Structures are given as C-alpha cells and as structure tokens.
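*Asks:* A single structure is presented below for examination.
The values are calculated or read from the model by the stated rules, or taken from the named source; none is laboratory data. Quick caveat: nothing in here was measured; it's all calculated off a predicted structure. Virtual Cβ from ideal backbone geometry, glycine too; neighbours counted across all protein chains shown.
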C-alpha cells in the first residue's frame, strides 16, 4: 500500500503573507521610484492650495496631469520631466501659471527630488458673479485677521468665537454662521485631539494671528463634488506663541465630607503636545473639568469617582505621527432601589429591595498610534490598544413574592466579581495614485478578548437555606482582512470596491456548585464564525441632488460545538438620496437593509446573575436578525433665527431578537434570548428652534414612537405593542439686559402598551427651570424641578430645588462658587417599565442633600 501525503492549506497564514507581501512591494516601489515632489501655495496668504491641476507639456502634447492633495502636495514621475517640458498650474479662482522645466532647481531627500513651493496668484472675486457662476466646484477661504487686535490675558479663544461668527450649539458642536463645522485645527493639524473644543476656553485669544474659515464642496478623499459643503476652521498662532502651557484647577469642599479636586494641564511646543487630566470627587460626577453642574438622575450622587488621563502627540522627522494616550478610572457607588413587579400571566406580585455597593476599576484604552508617511502618496498606520475593567458588586436583596398559590419571603446576599480584558492591533496601508481621488487601502485587524465572572449567592428563605457558587469564563479571538479600491469616475462621482474576510472564535465555559455538594455539569460551548463580504459603493452628485448606493453580499458560515451549521447569506444595502433646493432647504430619503449580529451577552450566559424572579440565558444558536429601515428627513433654516426639522422612520425586522420565556407559578422565570419572528417599529419627530435677538430662544420638540415587541411565552408566540408620545417645550428669556434670565422647560410623555387584551398606560410630566440673576457682580442661579408620574402604580410626585452663587475674581481668571444640591432633600426618582408579560415600577432612594464651596482657576504662561 502506498503512503499518501496529505497537504493542508492554511488560508489564514496565506492571506497574512499575501497582505505583508503587498505592503512590502508597494513600499519598495515607492522608495525606489525617483519622483518629483512639491506643493502649490497661495501667493498672498501662503495657504496650501488643494485640487490645483498640474499639467506637463512637451510642445502641444500633454504628457502627464495630476491634482494636488488636501495639503497642496503633488508628485510627478521623473520620466515625464525633461528640459524641453513646460509645467502648467491652474486652480479655481487662480490665474494660470506656466513655468519652463529648466527653471526648476532640485533638492534631494531620501531619493525624492523636491521642487519646493509653487506660488499661484488668486483672482479678485466679485461676490455677485460668484452667486450666478455656472462652475459649481469651489473652495473659498475667509481670513479673519487677529494680529492687530489687542486682548487681555483673561479673554479666551472661546470668548471671541461668537464675535467672529462661530458658536457652540447645545449639542457641543461648533457652528459658523449657522453651518456645522466639520473640523477645527490649529496651524493645520490636530490640537490635543481631533475637534477637541474643551481646550479653547483656557487659551488666551492674544496668541491668534488669524482665523481661516474654509468652505468647499470638494471631498478631500475622493476629489468629487459634495452636495452639502464642508466647513473647516484653522486657527493660526503667532510665531512667538508656538510653545506654551495652559490649564485649570478646581477644588471644592462641602458638608457630609463632600469634595472634588480637578486639574488639567496642557503643554505644546510646535507639533509636540502633552496633556495630563485628573479628577477625584464623591458627588457622583464621572469626568468633571471645572466647576460641577447641578442635576438629578437615578444614578444618584452617592459615588466616588477618580480618573487620570495622559496624552502625547508628536511628529518625528516630518514623517511619523506618534499618538499615545492612557486613562485609568475608578468608581465606588452606594446604590439603593425598590421594585414592584406584576406578572400578568400567572397573577404574581413581587417586591424587591436592593442595597448595592459597586466598585469598578478601568484601564481605559491604553493606545499607541503610529502613522508613517512613506511619501506624499503612501502611508502606513499602525495602532494597538489595551483595555481592562474589573467590577466588584456586593448586593443585598430582599424578596417578597405573592401569588394565588403561595407567599414567599427571602433574603439574598450576593457577591459578584467580573472582568474583561481586550488586546487589539490595527494595521492600515494607504496607497494613493497620481490621479486625485484614486485610493487603494488594505487593513489587517487582530483582537483577543477575555471575560470572567465569579458569583457567590446566599439565599435564606423561611424554610431552607442555600448557597450557590458559580463562575463563567469566555474568550473571543479573531482577525480580519479588508481591502478596498476607490476610483473617481469624474468630478461628480466615484466607485469603491471592497472585500472583507473575518474569522472569530468564541469559547465559553460555566461551572456552578451548591451548598448540598451537588455539582451542576460544566457547560462548555464553542462558536466559530467565518465572514466573507464583497460589495461596492457608487456615489453620484447632480446639480441639486446626490445619490449614494452601497451594496454588500455577506456569507456567514458557523461551526457550533464542532458541528457545521447551514451557511447564512445576508445583504447589507444602504441607499441614500439627497435633495438640496438651496442653502436653507434640503431633504433626504434613506433605505437600509442590514444584518444585526448577536453579541457575547446574547450568545452566552456570561452575565447571567442569580435572581429569584427571573433569569435570562444566552443562546449559542442565535442567528442574526435583519432590519429594513426607511427614513425621510427635511430641514429648513432661515439664517440663524429659525430652524425646522422633520423626520420619520419605519423599521421592519425579521428573525428579531426577543425573549422565549417559561413562566410557572412559584418558579423562577426562565428566559432565553431567541429569534422570535418579525416586528415593526416607527418614529415621527419634529423640532422647531426660534431665536429672538437680544431676548432669547424658543425650542419645541414632538416625538411619536411605535414599537412591536414579539416574544414567546410558554411555547406560544405573543406580542406587545407600545406607543409613546413625547412633547418638550423649552425657552430662554432675557430681561433687563441679561440682569435676569429664565430658562423654563416642560416635557409631557404619554405611553400606551397593549399585551393581548391587557392595556397599560403611563403619563409623565416634568418641569425644570433656571433663574439667573446678576447682582453686584454676583451670579445667582436657582434650579427648580418637578416630576409627576401616573399610570401603572399610584401617582408619584417628586420635586427639588438646587441653587448656586458665582463670582469671577482675579481678572476673570478665577471663579468662586457655592453649590446647594437638593436643598430640601425632597427628590425621589421613579420610573415605569413594561416587559413582554409584566409591568414594573422602580423607585430610587440614593440621593442626599449637600452644600459645596469651591474655586476654579485658569493657568497659563502666555503673555
């Protein structure tokens, strides 16, 4: 008998080798090709000119053409460059420039010949002509000079934004003359993070040389025309302020041993940026910078929070962009609530009182990013990050369960310790081409995640005692390879092709023991997923409309406990149609079909906890659900004084995730997450924002939601239909030149749920306000709050009043403040909850009154 040799093919190693070989060859080619590189700049402003066209001619023959990148850079192959050639440079709103090749002098750098900066002169702009100009691609830059203005050190950049047409919206984003700013940079690059608006209230405005506001409808990546223009803001710093330090500190002490200590320190030198931010408080604020804000929530204020964040950024040798950040946080929280729950099917009522002590430690996102720019066309981005969290919970629960058959009382003491740990790496290779907008991208990702949960529960009933000791462990590891190629078809459209392969393996084990020395059999599960995706993206912009269509076909093969399951085929479709009638009116229509894949909490029992009312279990056989979404959005604005938004959305689900429950009298409800069938959901929303000059603003929001919740109860499919109508009115009114300001807000919500023949309704009304009074350089604020709930249980009325007093000192660098939280200790939060076969009311009693006196002070060495 002949010996047969079996050859096995490891596609994981083969794909990885091909990926690395592709990058190596591309790097080698990029380094060996003796290209000519340079930049096109504005003769007057010295700004970089993107999307300028460079053409190399020999006589009347066009040899080569290239378009500059976002930073104005370009590359020309040396084979098109000879002494008899001519270089022609053209740009929108610029005069043409023609230069003989022989006039250039080269500088060499790592095999690349540098042409230096090519200066082109801008044309004078006639505003009336611009409005009727047929040519639709544009890039307009408004330069706001600041060098000749004199500011006190106490005037911060944030303070002058409004004077220059910039302001922050209620969502925390920056706007310029009513238009959203997509990016804000300093000297052309990120400043302590991307679009970080938290630092500009600590930097004196006197460092500014000018503010550049650029509006363009040319996409910086694909070089195609955008229907809605983008606005980018560049803050130019004076040369002598290219290094500096700034920050702030906040200290506060109060009654009941309340305290808070915050600091943030920032230092920069040219392109190097270092920051250190820290906080420690026991007033329930997780991440606080500056003085605390007053508010009410179910989470309460009986928690101690600490965190420390360090960031570093620098550009080495003009090629390697280094970013590093590390954050550590800790939270200890004392928590109490009472729950009343009614089971409709078995006519059971239960009351649960819980007192919890929770300790959470997190190492949040230790991340290193290296962006290596090989040349003006090619770059490699590598990042790696580490996350870790450990949560220790000690819970004391008192149960009172009453049904037709019996009444049961029990005390459960539970200690639960859980952790998760993530290590991931990310490698991206970007290759651009001489044709602007053409891009080849390859990505490799690798992830390893560990989960662990240990729980000890002691149950003391009137007739017996029991002790349960259990532990759950899960590990998920995987990798993915992604490639994409973007090809601009013309100035108004592009096409993108992509391929994606991903493999992940989930391992889960569970061990449970009882005080009777009986060992529940160990549960071990293993799931392997293999994803293969192919698709394309087609985008086209017309005169007033645009279309973007993304279609992906996804194949998923699963292996569960070493048994293959039938292959699943899904489509991921995203079709978007935009119509922009003018700068004030636009609407969009969107259709989306996507698969929602289950997560580890839905697949396993990793977070299932011991409970006498109900226990939810995962399902390793769970399939992805499909979601069809159709939405319509309309926006109207009249300058900055009036904005109206209307949107509606319809969702249809198949194989929707839901609960499969077994409900029996005197038994713990067993609930399994399952695919329970189809369901519908919908939403209609309208928002009106009106601003009155020198008086205030008015906001009105109305929102209607409809949701179907299918479920299976005792082997029979049921469905809960829910509808909620919410209306909110808020306004701000200034009286007597801002000496007195009121900001009332009213919210009304009506919810109605139908389960079989049972109907449940809930009404919620809330009122909040802020009275601000300026007296003798003191700012006094009074914050009343009222909330009324009715419906499921007895009506609940809760109210509270908080107050603050502030005074600016030390030339407005510092603020002395006094805070009084819930002066009358009257706040008592409650909310209603609906389930497939139950209703529930939860009340919280974890808030307490305190008074806090503190000082906030801004620091800098900028003079």
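*Asks:* Could you go through region 743-750 and let me know if any residue there is at pLDDT below 90, under 30 Å from the mean Cα position of the chain (by Cα) and closer than 30 Å to residue 712 by Cβ.
*Replies:* Yes, region 743-750 contains at least one residue that is at pLDDT below 90, under 30 Å from the mean Cα position of the chain (by Cα) and closer than 30 Å to residue 712 by Cβ.
*Asks:* Could you please let me know if residue 740 is in contact (Cβ under 8 Å) with a residue 12 or more places away in the chain, buried (at least 16 other Cβ atoms within 10 Å of the Cβ) and closer than 30 Å to residue 818 by Cβ?
*Replies:* Criteria not met by residue 740.
*Asks:* Can you spot a residue in region 77-88 that is surrounded by fewer than 19 Cβ atoms within 10 Å (Cβ to Cβ), under 37 Å from the mean Cα position of the chain (by Cα) and modelled with pLDDT under 85?
*Replies:* Among the residues of region 77-88, not one is surrounded by fewer than 19 Cβ atoms within 10 Å (Cβ to Cβ), under 37 Å from the mean Cα position of the chain (by Cα) and modelled with pLDDT under 85, which makes the answer no.
*Asks:* Output the residue which, of all residues in region 793-832 that are assigned to a loop (DSSP other than H, G, I, E, B) and touching a residue at least 60 places away in the same chain (Cβ under 8 Å), is nearest to residue 293 (Cα to Cα).
*Replies:* 822
*Asks:* Can you list residue pairs whose Cβ atoms sit under 6 Å apart, with the first residue in region 642-658 being on the phi > 0 side of the Ramachandran plot and the second being surrounded by 15 or more Cβ atoms within 10 Å (Cβ to Cβ)? Count only pairs 6 or more apart in sequence or on different chains.
*Replies:* 655/623; 655/625; 655/675
*Asks:* For residues that are modelled with pLDDT of 90 or more and buried (at least 17 other Cβ atoms within 10 Å of the Cβ), scanning just region 327-360, find the one that is farthest from residue 309 (Cα to Cα).
*Replies:* The residue in question is 360.
*Asks:* When you scan region 605-643, how many residues do you find that are farther than 30 Å from residue 471 by Cα and either buried (at least 16 other Cβ atoms within 10 Å of the Cβ) or modelled with pLDDT of 80 or more (or both)?
*Replies:* So the answer is 14.
*Asks:* Kindly indicate whether any position in region 435-456 is outside any strand (DSSP E or B), closer than 25 Å to residue 480 by Cβ and either assigned by TED's automatic domain parsing to the domain that holds residue 510 or modelled with pLDDT under 80 (or both).
*Replies:* Checking region 435-456: at least one residue is outside any strand (DSSP E or B), closer than 25 Å to residue 480 by Cβ and either assigned by TED's automatic domain parsing to the domain that holds residue 510 or modelled with pLDDT under 80 (or both).
*Asks:* So which residues in region 247-267 are at pLDDT 95 or above and closer than 23 Å to residue 183 by Cβ, if there are any at all?
*Replies:* Within region 247-267, 266 is the sole residue that qualifies.
*Asks:* Which one is farthest from the chain's Cα centre (by Cα) among residues in region 393-422 that are free of Cβ contacts under 8 Å to residues at least 40 places away in the same chain and either in a loop (DSSP other than H, G, I, E, B) or surrounded by fewer than 16 Cβ atoms within 10 Å (Cβ to Cβ) (or both)?
*Replies:* The residue in question is 407.
*Asks:* Exactly one of (1) in the same structural domain as residue 183 (by TED's automatic domain parsing); (2) over 24 Å from residue 324 (Cα atoms); (3) surrounded by 18 or more Cβ atoms within 10 Å (Cβ to Cβ) is unmet by residue 217. Its number?
*Replies:* (3)
*Asks:* Test residue 691 against the stated conditions and say whether it is touching a residue at least 12 places away in the same chain (Cβ under 8 Å), under 29 Å from residue 670 (Cα atoms), in contact with a strand residue (DSSP E or B) (Cβ under 6 Å, 6 or more places away or on another chain) and in a strand (DSSP E or B).
*Replies:* No; evaluated as a whole, the condition is false for this residue.
*Asks:* Moving to a separate point now. Would you check which residues across region 603-628 are more than 30 Å from residue 351 (Cβ to Cβ) and not in a loop (DSSP other than H, G, I, E, B) and list them?
*Replies:* Residues satisfying the conditions are 603, 625, 626, 627, 628.
*Asks:* On to the next question. From 231, 274, which residue is at pLDDT 90 or above, assigned to a strand (DSSP E or B) and within 23 Å of the chain's Cα centre (by Cα)?
*Replies:* The unique qualifying residue is 231.
*Asks:* Here is a further query. Looking at (1) without any contact (Cβ under 8 Å) to a residue 24 or more places away in the chain; (2) in contact with a helix residue (DSSP H, G or I) (Cβ under 7 Å, 6 or more places away or on another chain), which is the one condition that is false for residue 673?
*Replies:* Single failed check for residue 673: (1).
*Asks:* Can you find a residue in region 193-204 that is surrounded by 16 or more Cβ atoms within 10 Å (Cβ to Cβ), out of contact with any helix residue (DSSP H, G or I) (no Cβ under 7 Å at 6 or more places or on another chain), assigned to a strand (DSSP E or B) and not assigned by TED's automatic domain parsing to the domain that holds residue 577?
*Replies:* Checked against the condition, which is being surrounded by 16 or more Cβ atoms within 10 Å (Cβ to Cβ), out of contact with any helix residue (DSSP H, G or I) (no Cβ under 7 Å at 6 or more places or on another chain), assigned to a strand (DSSP E or B) and not assigned by TED's automatic domain parsing to the domain that holds residue 577, region 193-204 yields at least one hit.
*Asks:* Is it the case that residue 651 is closer than 30 Å to residue 349 by Cα and either in the same structural domain as residue 350 (by TED's automatic domain parsing) or not in a strand (DSSP E or B) (or both)?
*Replies:* When the stated conditions are applied, residue 651 does not pass them.
*Asks:* Only residues in region 71-90 that are at positive phi count as the first member; pair them with residues that are assigned to a strand (DSSP E or B) and surrounded by 20 or more Cβ atoms within 10 Å (Cβ to Cβ), Cβ under 6 angstrom, at least 6 apart or cross-chain, and list the lot.
*Replies:* Within 6 Å, the pairs are 72/39; 72/40.
*Asks:* In addition: Can you say whether residue 684 is crowded, with 16+ Cβ neighbours inside 10 Å, in contact with a helix residue (DSSP H, G or I) (Cβ under 6 Å, 6 or more places away or on another chain) and in a strand (DSSP E or B), as far as the supplied structure shows?
*Replies:* no
*Asks:* Here are some residues: 477, 435, 431. Which one is farther than 30 Å from residue 340 by Cβ and surrounded by fewer than 15 Cβ atoms within 10 Å (Cβ to Cβ)?
*Replies:* 435
Okay, residues lined up against (1) modelled with pLDDT of 75 or more; (2) farther than 23 Å from residue 439 by Cβ:
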| residue | (1), (2) |
| --- | --- |
| 63 | yes, yes |
| 69 | yes, no |
| 96 | yes, yes |
| 107 | no, yes |
| 112 | no, no |
| 125 | no, yes |
